[in-house]
Amino acid sequence: MAEKASAVQAIRKIGNWIGGEMVFPKAGRTGPVHDSATGQPCATVLMSAEEDARKAVAAAAAAFPAWSRTPVLRRARVMFRFKELIERDRAEMAALVTQEHGKVLHDADGSIQRGLEVVEFACGMPHLIKGEYSEQVGTGVDSYSMRQPLGVCAGITPFNFPAMVPMWMFPMAITCGNTFVLKPSEKDPSLSLKMAELLTEAGLPDGVFNVVQGDHVAVNALLGDERVQAVSFVGSTPVAEYIYRTAAENGKRVQALGGAKNHLVVMPDADMDQAADALLGAAYGSAGERCMAISAAVTVGDAAERLLEKLLPRIEALKVGPGTDNSNDMGPLITAEHRDKVRSYIDLGEKEGARVLVDGRRHPVTRLPGYFLGPTLLDHATQEMRVYREEIFGPVLTLTRVPSFDAAIDLVNAHEYGNGTAIFTRDGDAAREYVSRIQVGMVGVNVPIPVPLAFHSFGGWKRSLFGDTAAYGMEGVRFYTRLKTVTSRWPTGIRAGAEFSMPTM
Ligand code: NAD
């Protein structure tokens, strides 16, 4: 029997949320959750076994018939109340993100805001889900379409945005009439429960939203469960590929958003102050743990030296420290293992022949007990180097110099990832040409992190997204619904008047 617990106990022991209440998986594997700024454990997450995941799916499947038949206006009203509750508890949510992930409070608050915007978008579902109607497509024949929910949908999310990325998914799925099972990252799982509590307080019926804590065991159970109709995944590319292949083989609809290496191209005519400021925030904000972080700067022609003149003093002046101090620009990394992996990339870059212009390994912050690493700049990175090719997912920026605009386009297009990119220039023609020719899903013109707002959709190209639809916006509505088209004819009956003779065929 699964043990039940109060939310207070769950501050220390993080369990599942199934059928509208906290449920602890049977005693089994556990994982530590750390305060990444102090390195101290702050909670224990209980890892779900396959049967725990199946219980969550069973609750979601049981809730689906009534929820999918609930008028969309009422579904949207629950989301509206959820929006108000997030606004009420926003500071608490941001503090949880800071504690478990490490990003600085102002940045954590920004991530809540970007999730909230998807909730606001989902409040408009009565309009978004409307079908189309064509009168008289044949004599006496009308045709119309509607979008209907799929059933149980699963979401599997990464550590770097424990509130925002789940909110890319479930507000859309739920207001479309689906029920949902979230498998959050085991590294920062508390936000999933906070959101579950708020959804319940908002009036969401039990079983519509469920949370299964754990790792690949829970994920594989969701992928193998015949009741799960659709899977949304956000995480690293190797796992995204696995999820995409497995879910598709099991006949599920799937979107799997993967990793990235995002280039920012600096043209010789760019405003170098602006470009340096943009690079600073985009490369080192959230300690580089953003899938839209700029990790590769590309200078065209003679731009490099003029850019470095502006950039280097700014990097040196960055304030690094615990995320609870809002005056900091950058906090720690998520775990000691991840910090060590990122640091090993700096060693590798040095071996590969890149010049370490700013060395995060020697930053005073590394003497603090948390998982800190200073900002790093590797100059003269080339296309062959692993530090240029691979996603590092930390505060490490490479700089690659190319002779021309065309060479910059070729470099970016040759990369296996195609999540985000930006060009900094004062020339409208160069910007327009870049937007047109670049093989990347999200492009910024003098905007370093071009994350689309909730009413557009988020998604990369190439090995940054597996599947046909991007996240949220109208793409989200399409992903979480299926189209039904009706052709309808009503033979003339009552309006022809009463019949008095015996009916015969
Ligand atoms: P990850 O791939 O390690 O984990 C993501 C999720 O998958 C977690 O819930 C994890 O428990 C689960 N998982 C991990 N290994 C698994 C396996 N073998 N089988 C089944 N499930 C598994 O990613 P992460 O380290 O949590 O997050 C960082 C990565 O996410 C980076 O690569 C980053 O670029 C990417 N990311 C991408 C986007 C995007 O929109 N494209 C957004 C945020 C993060």
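Derivation of every value follows stated rules applied to the coordinates shown; laboratory data play no part. Keep in mind that this is a model prediction, so the values were computed, not measured. Glycine also receives a Cβ, built like all others from the backbone with ideal geometry; neighbour counts cover every protein chain displayed.
Table for the structure above
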item	result
Dipole magnitude of segment 30-130, debye to nearest 20 (Cβ charges: Lys/Arg +1, Asp/Glu -1, about Cα centre)	740
Set of lysines near Lys351 by C-alpha distance (under 19 Å), chain-local residues within fewer than 8 positions excluded	Lys341
Candidate aspartates and glutamates for bridging to Lys26, where Cα separation is under 16 Å - those fewer than 8 sequence places away on the same chain excluded	Glu3, Glu50, Glu51, Asp52, Asp215
Cut-off under 5 Å, modelled amide H: who pairs with Cys42 long-range	Val33, His34, Asp35
Filter on Lys130/Lys484; Lys13/Lys252; Lys183/Lys252; Lys103/Lys187 - keep pairs with C-alpha separation over 21 Å	Lys13/Lys252
Unit charges on C-beta of K, R, D, E only; dipole of segment 262-445, Debye	500
Between segment 398-432 and segment 143-178, the Cα center-to-center distance that results, in Å	33
0 to 90° range, to nearest 10: angle between helix 405-414 axis and the chain longest Cα axis	60
Virtual paramagnetic centre 7 Å along Cα→Cβ of Arg478, amide N under 16 Å, in segment 235-276	253-256
Computed lengthening from Val445 to Thr492, 0.36 nm per intervening residue step minus Cα-Cα distance	11.0 nm
Residue order, fewest to most surrounding Cβ atoms within 10 angstrom, among Val477, Val265, Val119, Val181	Val477, Val119, Val265, Val181
Point-charge dipole on Cβ atoms (K/R +1, D/E -1) for the chain, about Cα centre, debye to 20	1280
Lys341-Lys319 FRET efficiency (beta carbon distance; Förster radius 22 Å; 0.05 resolution)	0.35
Those residues of segment 378-414 whose amide nitrogen sits under 17 Å from the label point placed on His456, 7 Å along Cα→Cβ	none
Contour excess over end-to-end distance, with Cα ends at Gln148 and Leu357 and 0.36 nm allotted per residue	69.7 nm
Val141 long-range amide H proximity, modeled H, under 5 Å	Gln136
Inter-label distance, nm, simple model (7 Å from Cα along the C-beta direction), Asn250/Gln113	3.8
Table column - 3J(HN,Hα) (Hz), segment 445-454, Karplus curve with 6.51, -1.76, 1.60, x for Gly and Pro	10, 6, 10, x, 10, x, 6, x, 6, 4
Hypothetical label at Gln40: residues of segment 333-347 whose amide nitrogen lies under 19 Å (7 Å Cα-Cβ projection)	333-336
Label-to-label distance, nm, for residues given as Glu416 and Leu312 (7 Å Cα→Cβ offset)	3.4
With Cα atoms, 0 to 90° folded angle of helix 164-175 axis to the chain main axis	10
Phe466 long-range amide H proximity, modeled H, under 5 Å	Ala256, Leu257, Gly258
Neighbour-count order for Phe80, Phe24, Phe372, fewest beta carbons within 10 angstrom listed first	Phe80, Phe24, Phe372
Neighbour-count order for Lys462, Lys55, Lys261, fewest beta carbons within 10 angstrom listed first	Lys462, Lys55, Lys261
Beta bridges by DSSP in segment 262-445, antiparallel share as percent, to the nearest 5	10
Difference of contour (0.36 nm per residue) and Cα-Cα distance, His216 to Asp468	88.3 nm
